[in-house]
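Presented below is the structure to which this report refers.
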Amino acid sequence: MISILTSTLVIAASWQPAQMPPPPPPIAPPPVRATPRPASPPQVRYAVPPTTTVSRPPPPKPAPRARNPGRWITSSDYPAISMLMNEEGSSTFRLTVGQNGRVQDCRITRASGFKRLDDLTCRLVERRARFYPALSPDGHAVASEYTQTVRWMMAEAGPLRATQFGWRKSAASREQRAAGTVRFEFWIGKDGKVFNCRVMEGSGFESLDRDTCAALKSMPKQVPARDSDGSLEARRVVNSVRW
């Protein structure tokens, strides 16, 4: 009996209800953090480009057609005094041409460096130039402009003649019947006067050599030379004259 009871008790003890484990501690939820708002992008101001107005180019101006431009100025027009002074250069001119094809005005737009040649260019062209007048789109004659350049350049034609300048021999040269060619140099000062004449190759007659420099020094004032800045400067000239 004892063994059975013990067994029963043991069995009874095995059915004793088990104790429940304590509940886990409550887990606090993570704190809610506010998400920061993204910063506003910087405002960019754009400069508005100015309005560009593209206009059509003006129609080309009607141009006159020259008649025989090769006859306007010839080698025979070269001033003797300019040849003596070794004046060379190019004169660019602009003409105003009327409806009748005649020159109304002449302006030097690019000088040769020698006023004598520039002035002569306009005088000759105004007197001699002729044009077929320019025509408008509807066929009517209109005033117009014309631009051209004349190059003044001396040819190698030997020494100049003294008679071209009205030079006369002195009494001593006439008595000796002096003749020949004198090569010389001289200077034109800032005041336009001739100075420092020197015979480089004589004629064989001392009196004739003296006549040459005397004639040069007695010439009227010349237009002085100018440097690239426009300042006056003296100019050396070398030439020859045949008596």
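The values are calculated or read from the model by the stated rules, or taken from the named source; none is laboratory data. Note that the structure is a prediction, hence the values are computed from the model and not measured. Note that we place each Cβ from the backbone using ideal geometry, even for glycine, and neighbour counts take in every protein chain shown. Each accessible area value is taken on the protein alone, full model and side chains, heavy atoms only, with ligands, DNA and RNA left out. Shrake-Rupley method; radii C 1.70, N 1.55, O 1.52, S 1.80 Å.
Under 19 Å from M83 (Cβ atoms) and out of contact with any helix residue (DSSP H, G or I) (no Cβ under 6 Å at 6 or more places or on another chain): is that true of Q222 in this structure?
It is true that Q222 is under 19 Å from M83 (Cβ atoms) and out of contact with any helix residue (DSSP H, G or I) (no Cβ under 6 Å at 6 or more places or on another chain).
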Restricting attention to region 167-200, report how many residues are in contact with a strand residue (DSSP E or B) (Cβ under 6 Å, 6 or more places away or on another chain) and either open to solvent by less than 40 Å² (accessible area, probe 1.4 Å) or free of Cβ contacts under 8 Å to residues at least 24 places away in the same chain (or both). 12
Scan region 123-143 for residues that are in contact with a Leu (Cβ under 9 Å, 6 or more places away or on another chain) and either without any contact (Cβ under 8 Å) to a residue 60 or more places away in the chain or farther than 15 Å from S91 by Cβ (or both) and jot them down. V125, E126, F131, A141, V142
Looking at (1) surrounded by 12 or more Cβ atoms within 10 Å (Cβ to Cβ); (2) at pLDDT below 95, which is the one condition that is false for D229? (1)
Restrict the check to region 50-65 and report whether at least one residue is open to solvent by less than 100 Å² (accessible area, probe 1.4 Å) and touching a Lys or Arg at 6+ places or on another chain (Cβ under 8 Å). no
For region 153-166: of the residues being touching a residue at least 12 places away in the same chain (Cβ under 8 Å) and loosely packed, with under 12 Cβ neighbours inside 10 Å, which is farthest from A178 (Cα to Cα)? M153
Considering (1) loosely packed, with under 14 Cβ neighbours inside 10 Å; (2) part of a helix (DSSP H, G or I); (3) without any contact (Cβ under 8 Å) to a residue 40 or more places away in the chain; (4) hydrophobic (A, V, I, L, M, F, W, C), say which one L216 fails and leave the rest. (1)
So which of A172, A111, A134 is among the aliphatic types (A, V, I, L, M) and within 22 Å of the chain's Cα centre (by Cα)? A111
When residues of region 121-152 are limited to those that are among the β-branched types (V, I, T) and closer than 11 Å to V97 by Cα, the one least open to solvent (accessible area, probe 1.4 Å): V142
